[in-house]
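S.K.: Below is one structure. I have some questions about it.
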Amino acid sequence: MKCVNVLLPLHVEQLYTYLVPASLNDRVMPGYRVTVPFGKSKTYTGIVIEVEERATAVGLKEVTGMLDEHPFVSAQQMALWQWISSYYICFAGDVLRAALPSGLQWDKAEPFSPITERYIRCTLPPFEGVLTTKQSQLLSILSNTNKPEEGIARKNLVKMPEGSEAILSALLKKGAAEAFERVVPPQIKFEEKRHADPIPHLDENQALAIKAISDATSQQKPALLYGVAGSGKSVVCAHLIHKALQSGKQVLYLIPDAKATSYSIARLSRYFGNRTVVYHAKTTQRDRLNLWSVLSAGNTEPLLVIGVHSALFLPFTNLGLIIVDEEHNDSYKHSASAPRYHARNVALMLAKLHNADIILNSTAPAIESYSHALSGKYALAELGNRYNSAPIPTIHIENSVELRRKKIQKGLFSPLLLTKMEQAFATKQQVVLFHNRKHYARILECNECGWTPVCSLCQVALPYAKQKNRLICSYCGNGYPLPGACPSCGGETKLKGVGTEQIEDEVQALFPDLRIARMDSETVTSEQPFFAMVDEFNMGEIDLIIGTQMIVGNIDFARVRLVGVVNGDLLLNVPDFRAHEKAFQTLTQLAGYAGRDGNPSDVVIQAAQAQTPLMQAVKEYDYARMYALQCDERKQYDYPPFTRLIRILLSGANEAMLFVVAQEYHRLLTAKLGSRVSGPVEMPVREGKYAAPTLVFLLKIEASASFVSVRSVINGIYATASTEIAGFKKLKIVYDVDPV
C-alpha cells in the first residue's frame, strides 16, 4: 500500500504518515501539497516529504486531496529546510511555516484562490436585435477575434476607439454580449520596464576584484568582496549579475532589511529593470504567491530577485548567483521566532544545494567571514580605494574628556566639529550627525538620593522625550509624567545624558536658519517618512540630518561634506563581545557617506576613549588591525570565530520553579559538556506586562566540533530532562544558534 510521510505546520519534530487513496496513487510525489485529517475534526495542508510502500496500513487515515498539478516545493528546498531544522535546533514544522509564502491557509483544505479577470464575449446564438452604429462596431470586434468564445478583457475593450463603458453596458443590457470571469495564469510582477543604462566601466581595482571572484567561483568557493564605502562594490556586483543573466541564470540579491530595498532597486533596476523582481514585506500577498507558483512550475527564465531573508525560501529552478549585500548586518539574523536562522549562513547552504556562485559583500566584513577568507575557505576580493581613486574622507578623533577638562568644549560639539559644520554650511554642502540615543535625555535622576524612575512593567530606566514632555519606556512604549520633585526624598531632579532631541535644539540655536531633519524611531515610524526624508536631503531641501542607528546602511547621500559622531563611546560601552567590531562597522559606514561626489570631506568622531587602539584603527580605516585586536581577545575568552555559540533560554510563569528546574538542567548540561556551559543568568529585561521570567545558558562549542554530534548531545539532554526533572515540560525552551 502506498503511504506518504507528510510535514505539517505544527510545532513538532515528527512527520505524519497517511494512506494514499487509489485515486491519487499515480499522482502523489514528494513536494506536493496535500490535505489531510488531523485529530478528531481538523484538516491541515501539508507537504509530502517521502512516499513509501507498506504491507499494512492499519490505523492510518487517508489523504483527502491534492492541491497542485506540479510539485509546490523542490528537492533543494526540502533539503534546505532539513538543514535549517538540524543546524538551528528547531522543529521542521516551524521551518515550513517560515518558508512558505504568507496567504496559504494551512488549516483549510483548499488551495489559494486564483486571480480572475472580467472578460466580454458575444452571446450565442448571435444577437439579431436593433443596435446603434457604435454598438454594432464594438460587437463586430468581439465576433471577429480569432477565438470569439474566449472573449476580450473588459478593461481592454473599453479603451478601444470604438468602445466605452456606456456602449459596453448597452450591449450587455440588450443581451448582445455577456460578461464572464476568466482565470488569469500566475505571472511574475517585474519592476517597471525602462531604458537600460549601461553599467559603468570597471576601474583597475574592480577588474582585479572580478578576476578574484571568477577564480573563486570556478573552484566553487564563496567569495568575500570587501571594500571601503564608495569603492564601487555595487558596480562589481552589477557586472556579475549581468554575466549571470546573460548566461540564462536566476540571481538572488539579498538585502538586510526593507530600508535598503528602495536604494538597491533604484540602483540595480537602472541596468536590469525589466528583469527585476522585488520580494519583501511590502510585496503584496498575491504577488508573492504568483512568483512562487511560476517558479515552482519550473520557470527557468533569467531574472533578478531583490529581497530580504524570506526570499531565500523561493523555489528557484535555475539559480546561478547569490549576492549577500552588507553581509555583516545583524538584521540578517532572524531571532523573533523559530527558526532563528542567520540569512547569510542559509544563503551559503542554498548556493551549495543549487551549485550556484555566492558573493558576500561588505564595507567591514563580519569577523567570522573574514576569518574564513584568511583560512582559504572563502576567496577574498578587496577594494581598498574609492572608485576612480576619489579621495576618502579624513577621520578626526576628538578627545571629548580632555576638551571639557581644559574648558575648550562647552556644549555638545568640539571646536573642530563646529568649524567643519560652519565650513560645510557656508559652501551649501550637507552634514550628517550621528548619535545612537533618541529622545532628549537618557535618564532623570535625583541630585540628593540618586533616585531614578523606571518602567513599572519592564523595570528599566526611563528616558525623557521633550516633544511629548513625558518619560517613555524604550521597550514597551509606556509613558509617564515628569515628576516635579523626587518622590523618594523630595529633592531636586535633573536630566542626564544626551539624546537626538537635545542635539537638534543645540544645532538650531547655533544655526537658526538651518533646515534640520531628525531621524529616529520617534520621528520615523514607517518606511514612508524615512524615504521621504532621504529624498528631501538628496534634493537639497534639508541641510543637516541628525540620526540614530537607522541612518546606518546602504543609503546614497550625494553631497555630504561632513559626518559628525557626537558620542562614539555609546557604540563601545555595550555589554556585547562584538561591541568593538560593530562600532568599527558603524563608524566606517558612516564615514562612507562623506565625499561621495569626489570632493574632500571630513569625519569628526567625539569620544572619551579617543586613544584606544580601536579608534586609531577607525581613523586609519584599518580593518586588519581591528580584526587582529578582536581575535586576540576572543581567543582568550573562547568567542567566535574560535567557537560557535548556542544560547538556551528557559522561561516559565512560576519563577521559583524556573530556578529549581534550571539548576537541575545545568547539572545535565555540565555532565555532558563540562566547562563549555555558562549560566544560567537571568534575562536583564522583561519586555511588557506578560513577559515570563527567563534564564539564559550560553554554550561555547569549539569551531572544529561536529555540529551533528553537538545537536545529538543537546537533544539527548532534553530527552533526559523531560523524564527526570519535575516541571521541565512546563517550561518553554528556546535554542538560539549563532546569536548576534
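Here is a yes/no grid of residues against (1) hydrophobic (A, V, I, L, M, F, W, C); (2) surrounded by 16 or more Cβ atoms within 10 Å (Cβ to Cβ); (3) at pLDDT 85 or above:
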| position | (1), (2), (3) |
| --- | --- |
| GLU204 | no, no, yes |
| SER247 | no, no, yes |
| VAL251 | yes, yes, yes |
| ASN274 | no, no, no |
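S.K.: Before we move on, is ILE408 without any contact (Cβ under 8 Å) to a residue 60 or more places away in the chain and not basic (Lys, Arg)?
M.R.: yes
S.K.: Show me the strands (runs of 3 or more DSSP E) entirely contained within region 3-97 in which 1 or more residues are closer than 25 Å to ASN299 by Cα.
M.R.: Working: elements: 16-19, 33-38, 42-53.
Qualifying strands (runs of 3 or more DSSP E): 33-38, 42-53.
S.K.: Separate question: If I filter region 136-187 down to residues being assigned to a helix (DSSP H, G or I) and under 45 Å from the mean Cα position of the chain (by Cα), which single residue comes out as surrounded by the most Cβ atoms within 10 Å (Cβ to Cβ)?
M.R.: Filtering first and then ranking leaves LEU157.
S.K.: Quick check, is ARG515 more than 27 Å from ALA583 (Cα to Cα) and out of contact with any Phe, Trp or Tyr (no Cβ under 8 Å at 6 or more places or on another chain)?
M.R.: Answer is yes for this residue.
S.K.: Against the conditions (1) under 16 Å from VAL95 (Cα atoms); (2) among the polar types (S, T, N, Q); (3) surrounded by 18 or more Cβ atoms within 10 Å (Cβ to Cβ), where does THR35 fall short? Just the number, please.
M.R.: Among (1) under 16 Å from VAL95 (Cα atoms); (2) among the polar types (S, T, N, Q); (3) surrounded by 18 or more Cβ atoms within 10 Å (Cβ to Cβ), the lone unmet condition for THR35 is (1).
S.K.: So which residues in region 69-102 are farther than 17 Å from GLN14 by Cα and out of contact with any helix residue (DSSP H, G or I) (no Cβ under 8 Å at 6 or more places or on another chain)?
M.R.: GLU69, ALA75, listed by residue number.
S.K.: For region 694-717, enumerate the residues that are more than 27 Å from the chain's Cα centre (by Cα), closer than 18 Å to LYS732 by Cα and surrounded by fewer than 17 Cβ atoms within 10 Å (Cβ to Cβ).
M.R.: If the condition is that a residue be more than 27 Å from the chain's Cα centre (by Cα), closer than 18 Å to LYS732 by Cα and surrounded by fewer than 17 Cβ atoms within 10 Å (Cβ to Cβ), then ASN715, GLY716 are the ones that fit.
S.K.: With SER474, SER456 as the choices, which residue is buried (at least 16 other Cβ atoms within 10 Å of the Cβ), part of a loop (DSSP other than H, G, I, E, B), of a type outside the set (Phe, Trp, Tyr) and free of Cβ contacts under 8 Å to residues at least 40 places away in the same chain?
M.R.: None of the others qualify; the one that does is SER474.
S.K.: Hey, another quick one. Cβ-Cβ below 7 Å, separation at least six or inter-chain, first residue in region 664-680 and touching a residue at least 24 places away in the same chain (Cβ under 8 Å), second part of a helix (DSSP H, G or I) and small (Gly, Ala, Ser): which pairs?
M.R.: TYR665/ALA721; LEU668/ALA721; PRO680/ALA662
S.K.: Select, from ASP638, ASP602, the only residue that is touching a strand residue (DSSP E or B) at 6+ places or on another chain (Cβ under 6 Å) and closer than 19 Å to VAL681 by Cα.
M.R.: ASP638
S.K.: Need at least 1 residues that are in the same structural domain as VAL618 (by TED's automatic domain parsing) per element, so show me which strands (runs of 3 or more DSSP E) inside region 292-404 make the cut, counting only ones lying wholly within it.
M.R.: 394-399
S.K.: Please verify whether SER231 is in contact (Cβ under 8 Å) with a residue 24 or more places away in the chain and surrounded by fewer than 16 Cβ atoms within 10 Å (Cβ to Cβ), treating the condition exactly as stated.
M.R.: Judged against the criteria, SER231 is not a match.
S.K.: Can you run down the residue pairs with Cβ atoms below 8 Å, 6 or more apart or on separate chains, where the first is in region 621-638 and without any contact (Cβ under 8 Å) to a residue 12 or more places away in the chain and the partner is in a helix (DSSP H, G or I)?
M.R.: ASP622/GLN616
S.K.: Another one. Given LEU514, LEU562, LEU544, which one is at pLDDT 90 or above and closer than 24 Å to ARG442 by Cβ?
M.R.: The unique qualifying residue is LEU544.
S.K.: Can you tell me which residue among THR493, THR548, THR523 is without any contact (Cβ under 8 Å) to a residue 40 or more places away in the chain and either crowded, with 18+ Cβ neighbours inside 10 Å or under 21 Å from the mean Cα position of the chain (by Cα) (or both)?
M.R.: THR523
S.K.: Another question about this same structure. For ALA558, indicate whether it is touching a strand residue (DSSP E or B) at 6+ places or on another chain (Cβ under 9 Å) and either free of Cβ contacts under 8 Å to residues at least 24 places away in the same chain or surrounded by fewer than 19 Cβ atoms within 10 Å (Cβ to Cβ) (or both).
M.R.: Criteria met by ALA558.
S.K.: Name the one entry in VAL507, VAL460, VAL524 that is under 30 Å from ILE542 (Cβ atoms), aliphatic (A, V, I, L, M) and modelled with pLDDT under 90.
M.R.: VAL524
S.K.: Looking at region 601-620, which of its residues are more than 13 Å from HIS396 (Cβ to Cβ) and either of a type in the set (Asp, Glu) or in contact (Cβ under 8 Å) with a residue 24 or more places away in the chain (or both)? So that I can check it myself, show each step before the final result.
M.R.: Taking region 601-620 first, the residues more than 13 Å from HIS396 (Cβ to Cβ) are 608-609, 611-614, 617.
Listed by number, the residues that qualify are ALA608, GLN609, GLN611, THR612, LEU614, ALA617.
S.K.: In this structure, is LYS420 in a loop (DSSP other than H, G, I, E, B) and charged (D, E, K, R)?
M.R.: Judged against the criteria, LYS420 is not a match.
S.K.: Among the candidates LYS282, LYS233, which residue alone is under 26 Å from ALA366 (Cβ atoms) and among the basic types (Lys, Arg)?
M.R.: The match here is LYS233.
S.K.: Could you list, in sequence order, all residues of region 499-530 that are of a type in the set (S, T, N, Q) and part of a loop (DSSP other than H, G, I, E, B)?
M.R.: SER521, THR523, THR525, SER526
S.K.: Which of the residues spanning region 650-665 are surrounded by fewer than 17 Cβ atoms within 10 Å (Cβ to Cβ) and either touching a strand residue (DSSP E or B) at 6+ places or on another chain (Cβ under 6 Å) or aromatic (Phe, Trp, Tyr) (or both)?
M.R.: PHE659
S.K.: Out of the residues in region 413-457 that are charged (D, E, K, R) and within 36 Å of the chain's Cα centre (by Cα), which is modelled with the lowest pLDDT?
M.R.: Per the stated criteria, the residue is ARG442.
S.K.: I'd like the full set of residues that are polar (S, T, N, Q), closer than 25 Å to PRO739 by Cβ and at pLDDT 90 or above, limited to region 566-609.
M.R.: GLN585, THR586, THR588, GLN589
The values are calculated or read from the model by the stated rules, or taken from the named source; none is laboratory data. Computed from a predicted structure; not experimentally measured. Every residue, glycine among them, receives a Cβ derived from its backbone with ideal geometry; neighbour counts consider all protein chains shown.
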